[in-house]
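Q: Sending over a structure as structure tokens; questions will come in a sec.
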Amino acid sequence: MSTNGKVKVIPCSGMGKVYGLMAREAALHTASCLCPGQAETMCLAYIVTGDAAAEAGIANQPCITVDGCPAMCSAKSVGAKGGDIKAEFKVLDIMKLHKGAKPGTATELTADGWSIVDEIAVKLEACILDIQREGR
Ligand code: SF4
């Protein structure tokens, strides 16, 4: 993983929860489609398990964490490994704006789920562009 000035967008792993799936899909969509020139995503497992390249990739680098729930696994791990966290997103907070929505399951999103993922990705994009613009 490079220290190339790109903002690192790091979702939690959340394998058994729909909010974790939404965090991963939002981070992937942002980094691969919305702003591939300004951001990249990373696998939290490498960071948690102490992979040297992953740790070097986030140390003192601008990071945005995307967590599914209040456990905030990504924010805690990235912070503990020296990532410069510029913003912390939590899918649960965004779901509160969509009361009654049925986003899907831990393995498959519904149309509601994909729509909310798109909304999260747009918020991430705006945050990334702010970070790049302000050089923070
Ligand atoms: S933040 Fe919540 S959903 Fe994500 S990995 Fe941790 S416990 Fe799972």
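Q: Across the range 42-64, which residue is nearest to the ligand (Cβ to nearest atom) among those that are out of contact with any strand residue (DSSP E or B) (no Cβ under 8 Å at 6 or more places or on another chain) and outside any helix (DSSP H, G or I)?
A: Filtering the range 42-64 for residues out of contact with any strand residue (DSSP E or B) (no Cβ under 8 Å at 6 or more places or on another chain) gives 43, 45-46, 48-56.
This time we only want the ones that are outside any helix (DSSP H, G or I), so: 43, 49-51.
Working: Cys43: 12, Thr49: 14, Gly50: 18, Asp51: 18 Å.
This residue is Cys43.
Q: Another one. What number of residues in the range 65-85 are more than 7 Å from the ligand (Cβ to nearest atom) and in a helix (DSSP H, G or I)?
A: 6
Q: Considering only residues that are under 14 Å from Ile120 (Cα atoms) and among the hydroxyl-bearing types (Ser, Thr, Tyr), look in the range 1-31 and name the one that is nearest to the ligand (Cβ to nearest atom).
A: Filtering the range 1-31 for residues that are under 14 Å from Ile120 (Cα atoms) and among the hydroxyl-bearing types (Ser, Thr, Tyr), the one nearest to the ligand (Cβ to nearest atom) comes out as Tyr19.
Q: Given the conditions (1) over 24 Å from Arg133 (Cβ atoms); (2) at pLDDT 95 or above, report the number of the one that Ala87 does not fulfil.
A: Only one criterion is unmet by Ala87, namely (1).
Q: What pairs come out if I take residues in the range 69-80 that are under 17 Å from Leu21 (Cβ atoms) and pair them with residues that are of a type in the set (A, V, I, L, M) and assigned to a helix (DSSP H, G or I) whose C-beta lies under 6 Å away, six or more apart or interchain?
A: These pairs meet every condition: Cys69/Leu92; Ser74/Leu44.
Q: Any residue in the range 106-117 that is within 13 Å of the chain's Cα centre (by Cα) and either closer than 14 Å to Gly20 by Cβ or surrounded by fewer than 22 Cβ atoms within 10 Å (Cβ to Cβ) (or both)? If you could, list the steps in order and put the result at the bottom.
A: To start, the set of residues in the range 106-117 that are within 13 Å of the chain's Cα centre (by Cα) comprises 117.
From what's left, either closer than 14 Å to Gly20 by Cβ or surrounded by fewer than 22 Cβ atoms within 10 Å (Cβ to Cβ) (or both): 117.
Yes, there is a match, as at least one residue in the range 106-117 is within 13 Å of the chain's Cα centre (by Cα) and either closer than 14 Å to Gly20 by Cβ or surrounded by fewer than 22 Cβ atoms within 10 Å (Cβ to Cβ) (or both).
The values are calculated or read from the model by the stated rules, or taken from the named source; none is laboratory data. Values in this document were obtained by computation on a predicted structure and should not be read as measured data. Reconstructed Cβ throughout: ideal geometry from the backbone, glycine too, with neighbour counts over all protein chains shown.
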